[in-house]
Amino acid sequence: MSQQQTKNCITLRGSAQIICEYLKFAINSVLFQRGLYPPETFKAEQQYGITLLLSEDPLIKSFLTNLLTQSEEWIVNKKVTKLSLIILNVANKEVLECWDFNVQYEDGDIELSKEKKETVGSKDLKKIQQEIRDVMLQVAATISYLPFLDCRCSFDVLIHAKTDCDIPEKWAEAEPVAIANAQNVQLKTFSTSLHKMETVVSYKLSD
Amino acid sequence: MSQFNYLNDLKSLATLDGPITRGPLQRWVKKSNNENHNPSMSTSFKNISNVNISTCNQSMQKMSISANQSCNNSVLSSNKTPNRNDNKKGKKTPSKNRTPGRSTTPTPNKASKTPNKADRFIPSRTNSNYDLCHYMMSRDDDKGEDVVAQTAAGEAIGRALSDAEPGRLLQYTCKAPAAPEGYQNRLRVVYSQAKVPSSVKNTTRYIPQAPDRILDAPDILDDYYLNLVDWSASNILAVALGSSVYLWNAGTGQIEQLLTLEGSETVCSVQWVQGGGSHLAVGTSSATVELWDCEKIKRLRVMDGHTGRVGSLAWNMYIVSSGARDGNIVHHDVRQRDHAVATITAHTQEICGLKWSPDGRHLASGGNDNLLNIWPIVQGHHYSQPQYLYSFNQHLAAVKGLAWCPWSSGILASGGGTADRTIRIWNVNTGANLNTVDTKSQVCSILWSTHYKELISGHGYANNQLVIWKYPLMSRVAELTGHMARVLHLALSPDGTTVLSAGADETLRLWKCFMLDPAKKKEPTDSKAAKSLLNLNSLIR
């Protein structure tokens with residue numbers, strides 16, 4: 001976190017790191033808060049000034065690490081528009097819930113960028129972290145209205161990439177998913193001044 | 001109006017930073033709505049099955065007519081907004097309203113079974129998208145299909161409907177594992193209103209299940225972060241209701257109004273001075289701490305130092321410590337002109353719990369940043385150091401309920417909010433978390449009994465109950481239910497027998513749950529009687 005902050009100067013790479021770090025904590029928070037996995041497989045960690053839980057499951061950890069390293073690359077190259085965390089019923093593969101993380105690209109600090117000869121932002125890191133914390137608190141608060149996931153669940157992350165994006169090894173094209181009778185709730189947005197992250201949760205209205 | 005839903009959705013999609021309040025109803029609201037509907041639903045369902053069989057042929061014809069009717073109806077009236085319940089009913093009763101006259105089965109109490117009559121006509125509202133229809137109709141006709149995508153609103157839809165977006169959809173082929181076989185989602189407790197199967201232990205002592213008295217508390221603020229009741233050692237209860245503070249003499253039952261703040265200011269916290277004095281500290285929404293003499297009904301001084309509302313107060317001798325929304329703790333020496341002797345940046349968010357230990361050596365503070373901090377005292381003074389001794393981050397929600405054990409030094413109980421629902425017992429001498437118990441409900445307040453080795457905690461959804469716990473086992477001794485909304489605050493009477501609970505249902509309830517055993521109570525009175533007899537004897541001689 002500290003390497004990208006020199007006098008409030010955030011590089012594209014640093015901004016992508018912030019985004020991916022947010023994604024890591026957000027995805028883990030969802031997995032914990034929605035009760036997808038046993039709570040004892042999570043470990044508390046201090047981040048953004050609050051306690052957040054990270055999964056200790058080696059398979060989940062490696063899945064997320066691989067996913068986010070690749071995503072960071074794509075975000076730096078502006079290939080990704082959205083990441084969707086989908087929660088599936090293991091038994092019938094039905095999509096029960098979908099967390100959309102929309103990535104938008106912003107220009108950052110134009111004058112500073114000219115000076116540095118690369119795209120940089122000048123937003124205060126503390127401010128960014130505060131914004132992320134607000135989103136995280138909202139994520140935790142969603143349990144008050146999201147429906148109960150009363151089945152064995154699994155999750156997956158789909159990347160919405162641009163058409164000119166290459167498919168690396170171990171990656172494949174996926175089918176779009178849809179939730180029947182969906183309700184959308186938009187959470188707070190935060191921005192690193194280079195990337196803007198919008199979090200939306202859609203869930204199935206129970207019948 | 002249902003036909004405006006679509007327009008509203010478009011608007012809300014176009015605005016990026018919105019409060020989450022625009023989201024769906026909180027679950028408890030939905031629950032209570034459902035509850036009201038449930039009985040009628042089940043009865044109507046039974047009858048309908050009969051109706052349908054008997055009038056099968058007719059219903060087919062009627063369907064088309066009724067569908068038309070309902071279309072008109074739904075545009076005209078607003079209370080027919082399609083929602084989940086209505087859909088369900090609609091599906092089951094395609095021709096209900098048209099058929100009862102011809103049906104062979106009598107349907108008594110028909111009116112009560114159909115709260116929203118019009119919805120009975122529609123087989124399924126999900127398929128007939130009225131708001132979309134309305135949008136398409138009311139739109140300017142000359143614009144073609146392709147124009148939509150170019151408008152800002154269209155873009156918003158495009159973003160929302162991921163399927164329509166061009167580009168590639170990729171997935172990582174090495175999938176994450178599913179939850180282990182046989183794992184049950186433990187969040188069920190958050191969703192169920194059923195009573196928790198608790199190991200309520202039978203104790204030898206009798207705990208009344210009903211409150212001893214119920215007092216009205218109109219306009220009490222339903223705010224988790226405030227501390228609005230306190231019971232003094234001289235048996236006077238201070239209660240903050242909206243912008244006023246009232247004093248209730250528990251001995252005589254007299255009520256006195258102490259103060260009313262001006263304008264829209266509200267009282268956020270009250271705390272009596274230790275040791276039965278008549279001084280009351282009052283924290284306000286205008287970020288001040290006021291000191292009142294309750295015998296003379298006179299304000300003694302106003303102390304500033306905060307930038308946010310003062311939601312928690314704690315006394316330690318002549319120091320009153322205040323915690324506010326700005327996350328700071330200010331120690332005020334009430335004797336000095338320059339009252340603020342120390343200001344501590346304690347939390348990053350609002351402080352909602354603040355308690356000095358009985359021996360005055362530690363200050364515990366809990367905040368909305370989910371942290372519980374322990375502050376050591378400055379040697380030779382009665383205020384705390386600016387550096388915490390421990391910062392416990394194990395709670396997963398705001399920490400409001402805080403209570404120090406009255407008989408064992410350094411033992412602290414703390415309770416977390418909705419996302420946490422645990423009571424944790426700490427030893428601040430070692431920093432150890434001695435015990436953790438999942439209460440299955442928001443913990444709003446905690447007290448220790450002075451007569452028994454027990455704790456009592458006040459809870460929110462689903463049962464709004466008070467729970468008595470055996471220490472140190474933390475097994476449930478009793479549950480006291482009765483509040484219609486969450487129990488916000490607790491206070492213990494000076495004699496330690498009665499617990500006062502203040503609920504968001506605007507009532508104060510007095511529970512005599514720590515009454516002394518009459519058998520044990522006799523001993524001291526007997527010895528006293530014996531003593532007085534002795535005295536008498538000595539007088540006679």
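The values are calculated or read from the model by the stated rules, or taken from the named source; none is laboratory data. Keep in mind that what you see is a predicted model, and the values were worked out from it rather than measured. Because the Cβ atoms are built from the backbone with ideal geometry, glycine has one as well, and the counts that use them run over all protein chains shown. What goes into the accessible areas is simple: the full protein's heavy atoms, side chains included, and nothing from ligands, DNA or RNA. Shrake-Rupley method; radii C 1.70, N 1.55, O 1.52, S 1.80 Å.
Exactly one of (1) more than 7 Å from chain B (Cβ to nearest Cβ); (2) open to solvent by 60 Å² or more (accessible area, probe 1.4 Å); (3) not in a helix (DSSP H, G or I) is unmet by A:Phe190. Its number?
(2)
Can you pull out every residue in region A:108-131 that is at negative phi, of a type in the set (D, E, K, R) and out of contact with any Leu (no Cβ under 8 Å at 6 or more places or on another chain)?
Step one: of region A:108-131, the residues at negative phi are A:109-116, A:118-131.
Restricting the remaining residues to those that are of a type in the set (D, E, K, R) gives A:109, A:111, A:114-116, A:118, A:123-124, A:126-127, A:131.
A:Asp109, A:Glu111, A:Lys114, A:Glu115, A:Lys116, A:Lys123, A:Asp124, A:Lys126, A:Lys127, A:Glu131, listed by residue number.
All but one of (1) surrounded by fewer than 19 Cβ atoms within 10 Å (Cβ to Cβ); (2) of a type outside the set (A, V, I, L, M); (3) at the interface with chain B (Cβ under 8 Å from one of its Cβ atoms) hold for A:Asp164; state the number of the condition that does not hold.
Going through the list (1) surrounded by fewer than 19 Cβ atoms within 10 Å (Cβ to Cβ); (2) of a type outside the set (A, V, I, L, M); (3) at the interface with chain B (Cβ under 8 Å from one of its Cβ atoms), A:Asp164 breaks only (3).
In region A:61-78, is there at least one residue being aliphatic (A, V, I, L, M) and more than 19 Å from A:Met197 (Cα to Cα)? I'd like the intermediate steps shown before the answer.
Filtering region A:61-78 down to residues aliphatic (A, V, I, L, M) leaves A:64, A:67-68, A:75-76.
From the residues that got through so far, the ones that are more than 19 Å from A:Met197 (Cα to Cα) too are none.
Looking through region A:61-78, none of the residues is aliphatic (A, V, I, L, M) and more than 19 Å from A:Met197 (Cα to Cα).
Go over the candidates A:Lys78, A:Lys24 one by one and state the one that is in a loop (DSSP other than H, G, I, E, B) and open to solvent by 10 Å² or more (accessible area, probe 1.4 Å).
Working: A:Lys24 fails: in a loop (DSSP other than H, G, I, E, B).
Matching residue, one of A:Lys78, A:Lys24: A:Lys78.
Given the structure, is B:Arg476 buried (at least 22 other Cβ atoms within 10 Å of the Cβ) and out of contact with any Pro (no Cβ under 9 Å at 6 or more places or on another chain)? Please lay out each step first, then the result.
Working: buried (at least 22 other Cβ atoms within 10 Å of the Cβ): no; out of contact with any Pro (no Cβ under 9 Å at 6 or more places or on another chain): yes.
So B:Arg476 fails the test.
Please go through region B:327-346 and give me each residue that is open to solvent by 10 Å² or more (accessible area, probe 1.4 Å) and among the charged types (D, E, K, R), ordered by number.
So the first thing to find is which residues in region B:327-346 are open to solvent by 10 Å² or more (accessible area, probe 1.4 Å), and the list is B:328, B:334-343, B:345-346.
Those that are open to solvent by 10 Å² or more (accessible area, probe 1.4 Å) and among the charged types (D, E, K, R): B:Arg335, B:Arg337, B:Asp338.
Would you pick out the residues in region B:268-312 that are of a type in the set (S, T, N, Q) and open to solvent by 30 Å² or more (accessible area, probe 1.4 Å)?
In the first step, residues of region B:268-312 are kept if they are of a type in the set (S, T, N, Q); the result is B:269, B:271, B:274, B:278, B:284-286, B:288, B:307, B:312.
Across region B:268-312, the qualifying residues are B:Gln271, B:Gln274, B:Ser285, B:Ser286, B:Thr307.
Given the conditions (1) open to solvent by less than 60 Å² (accessible area, probe 1.4 Å); (2) within 7 Å of chain B (Cβ to nearest Cβ), report the number of the one that A:Glu173 does not fulfil.
It is condition (1) that A:Glu173 fails.
For A:Leu36, indicate whether it is open to solvent by less than 20 Å² (accessible area, probe 1.4 Å) and at the interface with another protein chain (Cβ under 9 Å from one of its Cβ atoms). Let's see the steps before the verdict.
Numbers: open to solvent by less than 20 Å² (accessible area, probe 1.4 Å): yes; at the interface with another protein chain (Cβ under 9 Å from one of its Cβ atoms): yes.
Here the answer is yes, as A:Leu36 does meet what is asked.
Looking for something over 24 Å from B:Lys400 (Cα atoms), in contact with a Gly (Cβ under 7 Å, 6 or more places away or on another chain) and either in a loop (DSSP other than H, G, I, E, B) or among the β-branched types (Val, Ile, Thr) (or both) - is there at least one such residue anywhere in region B:253-269?
Going residue by residue through region B:253-269, those that are over 24 Å from B:Lys400 (Cα atoms) are B:253-264.
From what's left, in contact with a Gly (Cβ under 7 Å, 6 or more places away or on another chain): none.
No, there is no match, as no residue in region B:253-269 is over 24 Å from B:Lys400 (Cα atoms), in contact with a Gly (Cβ under 7 Å, 6 or more places away or on another chain) and either in a loop (DSSP other than H, G, I, E, B) or among the β-branched types (Val, Ile, Thr) (or both).
Evaluate the following for B:Arg309: is it in contact with a Lys or Arg (Cβ under 9 Å, 6 or more places away or on another chain) and of a type in the set (Lys, Arg)? Steps first, answer last, please.
Working: in contact with a Lys or Arg (Cβ under 9 Å, 6 or more places away or on another chain): yes; of a type in the set (Lys, Arg): yes.
Yes.
Just for strands (runs of 3 or more DSSP E) wholly inside region B:149-242: which have at least 3 residues that are at pLDDT 75 or above, buried (at least 19 other Cβ atoms within 10 Å of the Cβ) and more than 8 Å from every other protein chain (Cβ to nearest Cβ)?
Details: elements: B:168-172, B:213-216, B:229-231, B:236-241.
Counting at least 3 such residues, we get B:229-231, B:236-241.
Return a yes/no flag: does region B:246-267 have any residue that is among the hydroxyl-bearing types (Ser, Thr, Tyr), under 22 Å from B:Lys355 (Cβ atoms) and open to solvent by less than 60 Å² (accessible area, probe 1.4 Å).
Within region B:246-267, the first condition is being among the hydroxyl-bearing types (Ser, Thr, Tyr), and the residues that meet it are B:246, B:252, B:260, B:264, B:266.
Then drop every residue that is not under 22 Å from B:Lys355 (Cβ atoms), which leaves none.
Scanning region B:246-267, I find no residue that is among the hydroxyl-bearing types (Ser, Thr, Tyr), under 22 Å from B:Lys355 (Cβ atoms) and open to solvent by less than 60 Å² (accessible area, probe 1.4 Å), so the answer is no.
Of all residues in region A:193-207, how many are at the interface with chain B (Cβ under 9 Å from one of its Cβ atoms) and outside any strand (DSSP E or B)?
3
For the condition within 21 Å of B:Ile351 (Cα to Cα) and either aliphatic (A, V, I, L, M) or part of a loop (DSSP other than H, G, I, E, B) (or both), what is the one hit in B:Ile468, B:Ile446?
On the way: B:Ile468 fails: within 21 Å of B:Ile351 (Cα to Cα).
Residue meeting the stated conditions: B:Ile446.
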